[in-house]
Amino acid sequence: MLLALGGAAVVAREFKRKNADIWLGSYLRRRLPARPDAPVHVMFCFVDHFEPKWGRPSADVEERRVQAWCERYERMASRHRDADGVAPQHTFFYPEEEYEKPHLDKLEALCRRGYGEIEVHLHHDNDTADGLREKIRRFGAILHERHGALPRDPVTGELKFGFIHGNWALDNSRPDGRWCGVNDEIRVLAELGCYADFTLPSAPSDTQTAKINSIYYATDDPHKPCSHNHGVDVEVGRKESGDLMIVQGPLALNWRRRKWGVIPRIENSDVRASSPPTDDRVDLWVRQHIHVQGRPEWVFVKVHTHGAQENDMETLLGAPADAMFSYLERAYNDGKRYVLHYVNAREVYNIAKAAEQGLEGNPSDYRDHVLPRPAASRAAAGATAVAT
């Protein structure tokens, strides 16, 4: 009895240390939908907190980091195709405060050849709503005008962008108030044209939300931080409810990988050298069944990385990522039980909106449903350079 109590205390302490107490209740209470009779379409999206200046390197090191991605990613990704003939799509969330035109020129060329799109990433601290507005407006204009990134809303003409918050601190969600400072950040982002946030999951950070494994709308409380801790699920036939769509990646307990052979490790959909994308992790991502409510046959798998760090490049550009894509194509693209679609962040949003509006069939038909492709995308190649 004492041993059992001691073991339970150790487990509880470890989960507390990893801030799992924030979300574990949601995870244990969640009930997955029954498997649909129709084939399950798997939308696989890889988002990257792409930071060439990580660790404050020399300009030469920065350049080598970006060049490695532009050469090696294309070489690896060109060997793979989804059910639509599209190669893996990499969404580069580039930091506003790290802007260097030569780096973006290289990424733009890669995206124009059909291998991804560029979106907005931001690290800031002790900021204000006006400061946030100034940064995003300036950077958005630069990305669009100089690099062909970011689409315009076909109705309003405003620039639209996907967003990832640096240091995970969306909406001033760190308990110590660092690395943001803007309690009404969600509302300001929506005002500026953000179509969705892709920051989460952030576990084991204490910025992780109680709501997990969801696509939902957050409503901002401008007087309080972390307004996205809860929200209203995006649902078929239900009108948009809230200020900003939040697109989460898988968060789970991985019982196949246990600390000390006992405690399940946290699966937070982070891909790097210390957590390579193995087959069992891919299966766990898919099993979290992230979907628009009422459309369980469309499953979204969003994983993330910090791609510009040398220690992780061999995992992301070499054999481990190559094997991950091969496994996805082998296990989740038979056309009967599963159909695989490689999508970028903008396409995730478009397909989610199509589901919300009650559209059915092949989700690939809705890749450009609401927001068109920016110039620096597969559109530049006429979709033929990578869809053969």
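The values are calculated or read from the model by the stated rules, or taken from the named source; none is laboratory data. Nothing here was measured: the structure is a model prediction, and the numbers come from that model. Using ideal geometry, Cβ is built from the backbone for each residue, glycine included, and neighbour counts are taken over all protein chains shown. Surface areas here come from the heavy atoms of the whole protein model, side chains and all, with no ligands, DNA or RNA. Shrake-Rupley method; radii C 1.70, N 1.55, O 1.52, S 1.80 Å.
Structure data summary
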{"quantity": "Unmet criterion (only one of (1) open to solvent by less than 30 Å² (accessible area, probe 1.4 Å); (2) of a type outside the set (Val, Ile, Thr); (3) assigned to a loop (DSSP other than H, G, I, E, B)) for GLY242", "calculated": "(1)"}
{"quantity": "Of all residues making up the stretch 289-347, the number that are small (Gly, Ala, Ser) and in contact with a Pro (Cβ under 6 Å, 6 or more places away or on another chain)", "calculated": "1"}
{"quantity": "Qualifying residue in the stretch 162-170 (condition: hydrophobic (A, V, I, L, M, F, W, C), open to solvent by 30 Å² or more (accessible area, probe 1.4 Å) and in contact with a Ser or Thr (Cβ under 8 Å, 6 or more places away or on another chain))", "calculated": "yes"}
{"quantity": "Of all residues making up the stretch 365-380, the number that are farther than 12 Å from GLY148 by Cβ and part of a loop (DSSP other than H, G, I, E, B)", "calculated": "6"}
{"quantity": "Candidates ASP197, ASP221 - the one that is charged (D, E, K, R) and buried (at least 23 other Cβ atoms within 10 Å of the Cβ)", "calculated": "ASP197"}
{"quantity": "Residue tally, condition over 18 Å from GLN288 (Cβ atoms) and either in a loop (DSSP other than H, G, I, E, B) or not hydrophobic (A, V, I, L, M, F, W, C) (or both), over the stretch 178-220", "calculated": "19"}
{"quantity": "Of all residues in the stretch 125-161 being charged (D, E, K, R) and closer than 21 Å to VAL47 by Cβ, the one that is least open to solvent (accessible area, probe 1.4 Å)", "calculated": "LYS160"}
{"quantity": "Test: GLY181 is surrounded by fewer than 21 Cβ atoms within 10 Å (Cβ to Cβ), in contact with a His (Cβ under 9 Å, 6 or more places away or on another chain) and at positive phi", "calculated": "yes"}
